[in-house]
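Here's the structure we're looking at; comments come further down.
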Amino acid sequence: MIGRHAISTKVTAPLAGMALAGIFAGSLALASSGGDEDPGGDRRAAALSAHRAAPSAAPEERESGPPKLPADCKPKEAADLDHGNGRIPDEELCPLPQEDESLRADAAAAFYELNAAYHERFGEEMCVRSSYRSYERQAELYASMPAGMAAAPGNSKHGLGIAADLCGGVEEEGTPQFEWLEDNAEEYGWIHPAWAYSNPYEPWHWEFDVGQND
Ligand SMILES: [Zn+2]
């Protein structure tokens, strides 16, 4: 089997020369058009350029670092908007880097900064289990949780879009992740409210500090 394989490789050698000619023709076409579109015609050349493009995509993503606040988020206007608890329209919520999570724009802007600092420290983005919750979602949660473990609908900081329940280690007091947040979150406008140490004990619950906790 090995011998047959070697022979078949030799047989295809002249084809490689043809392919090179094709690539050369492709380069000429590229040079004359000035674009980076595949000039077509040579399947090998197309396959080669596709091969080149594929592995370069992932490192670019990594090198760009932690995600940045989407341009259409408006943190300065967020505090003036007066929606009811759990009634913030989708278009005024700001998506977090974590899939399906969102916050009020000012809390989100601060979160992106905190997330970037966390990324620098731990080499990964923050883990978010829950962020903004609609009134209906809070009602579901309230009905399904033991008494005292979820705020009544209309009373949760999650409904204001300024609270996040974190994971990835933060959900346990005394972990490096929890202690790092204790030491650093406030600098980015996020706090662990006093009640969450004991009543009930929720190490995972963090809030954007808009002054209402003073
Ligand atoms: Zn919470």
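The values are calculated or read from the model by the stated rules, or taken from the named source; none is laboratory data. Worth saying up front: this structure is predicted, and the values here are computed from it rather than measured. FYI the Cβ positions are ideal-geometry reconstructions off the backbone, even for glycines, and counts take in every protein chain you see.
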**Prompt:** Which one is farthest from the ligand (Cβ to nearest atom) among residues in region 149-190 that are more than 16 Å from Arg137 (Cβ to Cβ) and hydrophobic (A, V, I, L, M, F, W, C)?
**Reply:** Trp180
**Request:** Mind listing whichever residues of region 197-208 are crowded, with 16+ Cβ neighbours inside 10 Å and either within 13 Å of Leu114 (Cα to Cα) or more than 26 Å from the chain's Cα centre (by Cα) (or both)?
**Result:** Trp206, Glu207, Phe208
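State yes or no: is His83 away from the ligand (no atom under 16 Å from the Cβ), more than 23 Å from Gln177 (Cα to Cα) and in the same structural domain as Gln177 (by TED's automatic domain parsing)?
Details: away from the ligand (no atom under 16 Å from the Cβ): yes; more than 23 Å from Gln177 (Cα to Cα): yes; in the same structural domain as Gln177 (by TED's automatic domain parsing): yes.
Spelling it out, His83 is indeed away from the ligand (no atom under 16 Å from the Cβ), more than 23 Å from Gln177 (Cα to Cα) and in the same structural domain as Gln177 (by TED's automatic domain parsing).
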**Fill in**
With the first residue restricted to region 190-205 and required to be over 18 Å from Gln177 (Cβ atoms), and the second required to be of a type in the set (A, V, I, L, M, F, W, C) and within 11 Å of the ligand (Cβ to nearest atom), Cβ contacts under 8 Å at 6 or more apart or on different chains are Pro200/Met149
**Message:** Looking at region 82-95, can you tell me whether even one residue there is within 24 Å of Arg137 (Cα to Cα), among the small types (Gly, Ala, Ser), exposed (fewer than 13 other Cβ atoms within 10 Å of the Cβ) and modelled with pLDDT of 90 or more?
**Reply:** yes
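Condition first: assigned to a helix (DSSP H, G or I), within 12 Å of the ligand (Cβ to nearest atom) and crowded, with 17+ Cβ neighbours inside 10 Å. Can you find one or more residues in region 138-146 that meet it? Full working, then the answer.
In the first step, residues of region 138-146 are kept if they are assigned to a helix (DSSP H, G or I); the result is 138-144.
With within 12 Å of the ligand (Cβ to nearest atom) added as a condition, the list becomes 138, 141.
Right, trim to crowded, with 17+ Cβ neighbours inside 10 Å and you get 138, 141.
So far as region 138-146 goes, yes, one or more of its residues are assigned to a helix (DSSP H, G or I), within 12 Å of the ligand (Cβ to nearest atom) and crowded, with 17+ Cβ neighbours inside 10 Å.
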**Close pairs from region 153-182: first over 11 Å from Val128 (Cβ atoms) and assigned by TED's automatic domain parsing to the domain that holds His119, partner β-branched (Val, Ile, Thr) and away from the ligand (no atom under 11 Å from the Cβ), Cβ under 7 Å, at least 6 apart** = Gly161/Ile88; Ile162/Val210; Gly169/Thr175; Gln177/Val170; Phe178/Val170; Leu181/Val170
**Request:** Identify all residues within region 158-190 that are touching a strand residue (DSSP E or B) at 6+ places or on another chain (Cβ under 8 Å), in a helix (DSSP H, G or I) and over 18 Å from Glu124 (Cβ atoms); write none if there are none.
**Result:** His158, Leu160
**Complete:** All-but-one check, Ala108 against (1) buried (at least 21 other Cβ atoms within 10 Å of the Cβ); (2) within 15 Å of the ligand (Cβ to nearest atom); (3) not β-branched (Val, Ile, Thr), failing number (2)
